[in-house]
Amino acid sequence: MPSAPLAVFTVGLLLGGLLSGLVLAVAGGLLAPLPLAGRQVAVLAAALLGLLREAGLIAIPLPQNSRQIGQEVLRNPIRGALQFGFELGTGVRTYVSATAPYVLALGVLLAGSPRAAVLAGLGFGAGRALTPLVRQASAAPASWDALLTTRLRAIALLAGAAALIAFAVLFALSRR
Amino acid sequence: MTIPAGQPAEPAGEPAGEPARAVGRRLAGVAVWRWATDPILPVLLLAPAAVLAAARVPVLTWAVLGGLAGYSLSGSV
């Protein structure tokens with residue numbers, strides 16, 4: 001059973017992800033006049049580049065905000081957990097060590113679908129919440145952390161591959 | 001002491017195999033739980049789910065890809 005701070009942290013993650021999704025949807029409205037085929041090709045190209053980067057075949061620096069969330073946020077356990085989760089959930093106050101979030105963000109930006117943006121944002125927050133939840137469920141956080149370190153590259157690679165294939169299938173079927 | 005024909009010999013006191021079986025079950029349970037909470041398991045489930053969603057329930061693709069993207073940042077704060 002997750003603790004109260006962890007539960008509140010999860011809520012914060014979902015809210016942060018939702019906000020980022022909505023911001024992308026609004027920004028994406030400006031790109032709606034672009035031809036659909038061009039937008040889909042751009043997403044697939046980004047997904048392919050992301051996968052090649054995760055495989056170590058190309059080197060692309062990932063733009064990110066190097067400012068981390070301040071520790072003072074956690075002074076109040078519950079409010080701090082909510083704020084920390086919210087900022088982390090937006091994806092803009094964290095180190096982004098994988099390409100899948102960028103591919104997703106581009107996909108949402110070019111999808112022109114508020115529903116897709118909401119689902120993607122909530123999904124992102126839920127995905128971020130999975131890490132501490134599975135960690136807590138393991139009942140062996142120290143060894144879980146050590147195991148995670150060895151799995152990170154595979155996690156990023158699989159996520160990148162899934163994004164490419166899923167988008168390819170999604171776009172192919174949408175043309176029917 | 002002679003044992004009647006057809007009767008298996010019974011060891012004195014508690015049977016030696018019982019505690020070993022309980023330990024075995026406990027260790028098996030720990031191993032299963034360790035596998036079930038392996039950090040890579042969520043991705044092994046979400047990755048095919050994303051492709052399946054794209055083929056069958058397109059609208060859910062975004063949610064699953066969102067989950068994958070979020071989880072891929074495990075370890076990043």
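Of the residues that sit in the range B:37-49 and are surrounded by fewer than 19 Cβ atoms within 10 Å (Cβ to Cβ) and at the interface with chain A (Cβ under 8 Å from one of its Cβ atoms), which one is nearest to A:Ala168 (Cα to Cα)? Only one residue fits best here, namely B:Pro48. Selection of the range A:118-136 for residues being under 13 Å from A:Ser20 (Cα atoms) and at the interface with chain B (Cβ under 8 Å from one of its Cβ atoms) yields A:Leu119, A:Ala120, A:Gly121, A:Leu122, A:Gly123, A:Phe124, A:Gly125. Residues in the range B:64-77 that are surrounded by 23 or more Cβ atoms within 10 Å (Cβ to Cβ) and either more than 7 Å from chain A (Cβ to nearest Cβ) or not aromatic (Phe, Trp, Tyr) (or both): B:Val64, B:Leu65, B:Gly66, B:Gly67, B:Leu68, B:Ala69, B:Gly70, B:Ser72, B:Leu73, B:Ser74. A:Ala120 falls short on exactly one of the conditions (1) modelled with pLDDT under 95; (2) surrounded by 20 or more Cβ atoms within 10 Å (Cβ to Cβ); (3) of a type outside the set (Ser, Thr, Tyr), and that condition is (1). The numbered conditions (1) of a type in the set (S, T, N, Q); (2) more than 7 Å from chain B (Cβ to nearest Cβ); (3) crowded, with 18+ Cβ neighbours inside 10 Å are all true for A:Thr150 except (3).
Screening A:Leu48, A:Leu57, A:Leu18 for residues that are modelled with pLDDT of 90 or more, closer than 23 Å to A:Ala162 by Cα and part of a loop (DSSP other than H, G, I, E, B) leaves exactly one candidate, A:Leu57. Tell me which residues, restricted to the range B:16-48, are in a loop (DSSP other than H, G, I, E, B), under 30 Å from A:Ala129 (Cβ atoms) and of a type outside the set (S, T, N, Q). Selection gives B:Asp38, B:Pro39, B:Ile40.
Only a single criterion out of (1) under 20 Å from the mean Cα position of the chain (by Cα); (2) part of a helix (DSSP H, G or I) is not satisfied by B:Ala53, namely (1). If you go through the range A:162-176 and keep only what is at the interface with chain B (Cβ under 7 Å from one of its Cβ atoms) and surrounded by 20 or more Cβ atoms within 10 Å (Cβ to Cβ), you end up with A:Ala162, A:Ala163, A:Ala166, A:Leu170.
Residues are listed down the side, and each one gets a yes or a no for (1) touching a strand residue (DSSP E or B) at 6+ places or on another chain (Cβ under 7 Å); (2) assigned to a helix (DSSP H, G or I); (3) touching a residue at least 40 places away in the same chain (Cβ under 8 Å):
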site	(1), (2), (3)
A:Leu82	no, yes, yes
A:Thr94	no, no, no
A:Leu104	no, yes, yes
A:Gly123	no, yes, yes
A:Arg128	no, yes, yes
A:Gly160	no, yes, yes
A:Leu170	no, yes, no
A:Leu173	no, yes, no
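The values are calculated or read from the model by the stated rules, or taken from the named source; none is laboratory data. Computed from a predicted model, the values in this text were never measured in an experiment. Heads up, the Cβs are rebuilt from the backbone with ideal geometry, glycines too, and the neighbour counts pull from every protein chain shown.
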